[in-house]
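Heads up, the thing below is written out as structure tokens.
A short reminder: the numbers here are calculations on the coordinates, not readings from a lab. These numbers were taken from a predicted model, which means no experiment stands behind them. Cβ atoms come from the backbone with ideal geometry, glycine included; neighbour counts cover every protein chain shown.
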Amino acid sequence: MASEIEKREVSELASLLGVNKEETLRLALREGIHELRIRKAIELYVSGKASVKQAARFAGFDLADWFAIAREKNLMVQIRPEELEEDVEALQELK
């Protein structure tokens, strides 16, 4: 159950956005999920449990966007040698 404070916050945000409460909650949920995926992807990457590609995929980004997020969050991006080898093999298959 939502507290009275949460209900008031939703109402105020709905007014600011010019949408109804239900749409406000949908938007908040969508943005919240997006931010949680980014946060978890960063956590997995920093802990070494996910590669650059895995973190990008988990966050829902392509590599270019992931690099932008990493730069914004001051993450050191390291690409593992095996990832480079996979990319080279994939490029060679395109020939």
Report summary line: Those residues of segment 36-52 which are within 12 Å of A70 (Cα to Cα) and buried (at least 16 other Cβ atoms within 10 Å of the Cβ) amount to I38, A41, I42, Y45, V52
Query raised in the report: Of the numbered conditions (1) of a type in the set (A, V, I, L, M, F, W, C); (2) exposed (fewer than 10 other Cβ atoms within 10 Å of the Cβ); (3) not in a loop (DSSP other than H, G, I, E, B), M1 satisfies every one except a single condition; which is it?
Result: (3)
Report task. Give the number of residues within segment 20-62 that are of a type in the set (G, A, S), free of Cβ contacts under 8 Å to residues at least 12 places away in the same chain and over 24 Å from E9 (Cα atoms). Result -> 3
